[in-house]
Amino acid sequence: MKFLFSIYISLLILIPTIIVGQNSVPELENTKISILTCRSGDELYSTFGHTAIRIVNSEDNFDIVYNYGIFSFNTPNFYPKFMRGKLPYYLGVTKTSNFLNEYTYDKRSVFEQELNLNKEQKRSIIQFLIENAKPENRAYKYDFFYDNCATRVVDVFSSVGEVTYSYAIDQKTFRELLKENLRNLVWSDFGIDLVIGARADRYANRRGQMFLPEYVKVNLESATLDNAVPLAKPVYLVLDFEALDAKRKKSGTNWPLICTSLFLILTLMVNLANLKIARIYNKTILVVSSIVGLLLLFMWFGTEHGATKDNWNILWMNPLILIYLFVKEKFKKGMIYIISAGLAIAGLNCIFNFLPQFFNLAFLPIILTLAVIFYKEYQRTNKSEVIALT
């Protein structure tokens, strides 16, 4: 159940943080505009942090946050739209006090970086946000890597001039960037590696890396506007839970690898001992794996989630297994070779990386488990045919 639950919960990576609240925002003089960066939380939906825009005028007791991370459960056909990547996401507005209360409750640090903007640049951003928050404009098509709460904020402050960054970036893939926030969520890491495809293994340029709020914050620290003044003032810590932040970054025990290895050992014991439950056990595993394969196939071809395209895990978590289980005996023989070939390719890729996709090491015991089951079932099929002929 933990294995299947990790697959389901990993899909929540595609849902941004939910913050409720909407207000209209008047254009104000003497306002301050800043970027809020919220650190990771304990749950998967919050583990990649959050970015928002704060507008404050203390003289008028005006303090609000613009947040691109809202969706509505009241959307017609919510679940089908979510699964297919067609669910609209919104720009919403809330009081800063309400926004910070959530992060206080979750014990997540929040950093603030006030932007160095002149009067006209502030007016431009405020007018843009007011217009963008109107009901007819506030919806957008969310994409986890390319169009989310962080990238939208980058686009807002980049619209007032040419932003130059001096922060030296490291060459990292989108998957490697994700894993920086998943060290302690080992089952989530396992599920995400299963669900997302080869597109996550492309290298992210500077703009690409800023799909993560932490990289927006780091890049802002060294950014200049129109090659003149620093874009942001020094970072200010609004909520301090850095001790917990550090704890969340620690690496956890690789339970997926341990559990899948034990699963392989159990499969070997059941089949080598020729236990009576072996047939039921094997067919149950094959049915479950084929259902997962169908899910991967659907996420690749049946949805608009870019992160789940080109997923070569389908070579070993193969939906064709269902055909193998239910077709006539002669056809089974042909299918076993096709499926075995897919398993072999995927197994080799785990070791030598022939395909352009990272494979989690915990997948290898599962591949070997399926190989054992296929071999034993093929043996039983041949024996049954020999007995029938004699």
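General observations
- Averaging the sequence gap over all C-alpha pairs within less than 8 Å and six or more residues apart, then dividing by the number of residues, gives segment 101-224 a relative contact order of 34 percent.
- Packing-based order for 53-62, 294-303, using average beta carbon neighbours within 10 Å, highest first: 294-303, 53-62
- Counted by Cβ distance under 12 Å from TYR90, the other residues give a net charge of +3, where Lys and Arg count +1 and Asp and Glu count -1.
- Trypsin sites (Lys or Arg not before Pro) restricted to segment 209-252 and DSSP loop, no more than 16 other C-beta within 10 Å: LYS250
- Links that overshoot a 28 Å alpha carbon limit, given the list LYS172/LYS309; LYS141/LYS247; LYS107/LYS141: LYS141/LYS247; LYS107/LYS141
- Reducing segment 130-192 and segment 286-319 to their Cα centroids gives an inter-centroid distance of 25 Å.
- Restricting segment 148-247 to chymotrypsin sites (Phe, Trp or Tyr not before Pro) that sit in a DSSP loop and have at most 14 other Cβ atoms within 10 Å of their own Cβ leaves TYR167.
- If you plug the beta carbon distance of ASN254 and ILE130 into 1/(1 + (r/R0)^6) with R0 = 56 Å, you get a FRET efficiency near 0.70.
Each value in this text was obtained by applying a stated rule to the coordinates, not by laboratory testing. Keep in mind that this is a model prediction, so the values were computed, not measured. Please note: Cβ atoms are built from the backbone with ideal geometry, for glycine as well, and neighbour counts cover all protein chains shown.
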